[in-house]
1. Residue farthest toward the positive end of the dipole of the chain, with Cβ of Lys/Arg at +1 and Asp/Glu at -1: which of GLY216, VAL280, ASN84?
2. Solvent-accessible area per residue for the chain at a 1.4 Å probe radius, Å²?
3. 5 Å is the cut-off here: which amide hydrogens, built 1.01 Å from N in the peptide plane, fall below it relative to HIS185, excluding neighbours closer than 5 in sequence?
4. State the extension gain, in nm to one decimal, for the chain segment bounded by ASP175 and VAL324, taking 0.36 nm per residue of separation less the distance between their alpha-carbons.
5. Relative to the Cα centre, what is the charge dipole magnitude of the chain, using +1 at the beta carbon of each Lys and Arg, -1 at the beta carbon of each Asp and Glu, and rounding to the nearest 20 debye?
6. Just report the Cα centroid separation between the range 346-379 and the range 248-276, whole Å.
7. Using amide H atoms built 1.01 Å from N in the peptide plane, name the residues 5+ places from TYR45, or on other chains, whose amide H lies under 5 Å from its own.
8. How do 84-94, 329-339 rank on mean C-beta neighbours within 10 Å, highest first?
Amino acid sequence: MYNSELLNKLKNIQTPFYYYNIDVLRGTLEAAISASSKYGYHIHYAIKANANPRILNIIQGYGFGADCVSGNEVSKAVEHSFDNSKIAFAGVGKTDFEINTAIDANIHAFHVESVHELEVINELAEAKDKVVNVAFRLNPNVDAKTHAYITTGLNENKFGINPWELEDLVERCSDFKNLKLIGIHFHIGSQITDMTVFEELAIKVNSLMDWFEDKGIELPYINLGGGLGVDYENPANKIPDFDAYFKAIYDNLKTRENQEIHFELGRSLVGTCGDLISKVLYIKNGLKKNFVIADAGMTDLLRPALYKSVHVVENLTSTLENVVYDVVGPVCESSDVFAKDLSLPKTQRGDLLCIRTTGAYGQVMSSNYNLRDFAKAYYSDEVYEYQEETILA
Ligand code: LLP
């Protein structure tokens, strides 16, 4: 992918920067649509994974809905012309301002995470003389078998309403004159690669749907959240296994007639289209370690420091013999490490490094800690246009 023609262009751009391959993005979106449409499933894009405006425009262009977890994400979805009737709003701590923003935007549904929140949404909707759609976000106690920080569907997690609260809740529903219960929602975690986890989720959802049916409550809207993982170890494997994912659900979920099945995919749609490109500042040979000090740091890509996540790091410009290094960033934190004991071609000041598969939860989780600048983004289909104006002096 990074052939010499492309490298010649990239090497003159101020680093670090995110580089998005638009063909990969489009190919991934098309694969997701083709796999989900076999079953008539609906996909919302989880904006939290990457809210870059160009990426949002492309995703919106394919007709995806939006899954939002803040009022600003709702506004962003509206600004980027996502269909309001395809916007869902989840989150354990929605403020009054955020709820009002979403009510005013006439979104599809609020995914409500507690009884207390239902009372507040009802009150705010009443003040506007509106009836709004809600879906209960339920905590199914299914282990996503992923990193603890991105596990959300276990009893010990803060997310969702617990099944034992449902009885009481459903009884109280008639008090909430300004809410319409349309369905149930789940999201059990992220970077899930074991398909049996989704099978288990579908089976839990079946028993919850039975419970509602016994009470005579119809649920036209079932949302199973996101979570499908990408292949961080093999960056060349660009397209996540959407076929296996939707099939795991389809084979196990007992969908009722007139029920729509929705998903909220983030990482699997955008993870593989982005890389973080960085330049080597210094080489430091220690007693125990050799360090490559890159100009990208944890402020540009937080995932390794926060989750000890693995992103393949490559030297794009050296062809020398391999040496073992720790690849670190410039930030004043010992956790600012991209890779430990990594065998790379002998690396020198000025070499270009590529930190792979950073399209999801990369740019969007950047900070300006240490008052560092935010990394810019460049796109494969604009490579000719930006070259002239961004060349460094
Ligand atoms: N729906 C809800 C309610 C969510 O909270 C999330 C992600 C998604 C959908 C999308 O999940 P995905 O398809 O991307 O797995 N920063 C972490 C990931 C946090 C995920 C938060 N919620 C990371 O870098 O791994």
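1. The residue sitting most towards the positive pole is VAL280.
2. Solvent-accessible surface per residue comes out at 44 Å².
3. Sorted by chain and number, the residues that satisfy this are PHE136, ARG137, LEU138, ASN223.
4. This chain segment gains 47.1 nm when fully extended.
5. 1160 debye
6. Cα centroid to Cα centroid, the span is 28 Å.
7. Excluding prolines and chain starts, which carry no amide H, the hits are GLY65, ALA66, ASP67.
8. Highest mean packing first, the order is 84-94, 329-339.
The values are calculated or read from the model by the stated rules, or taken from the named source; none is laboratory data. Since the structure is predicted, the reported quantities are computational estimates derived from the model, not experimental observations. With ideal geometry, Cβ positions are generated from the backbone for all residues, glycine too; neighbour counts draw on all protein chains shown. Just so you know, the surface numbers come from the protein's heavy atoms only, side chains and all, with ligands and any DNA or RNA stripped out. Shrake-Rupley method; radii C 1.70, N 1.55, O 1.52, S 1.80 Å.
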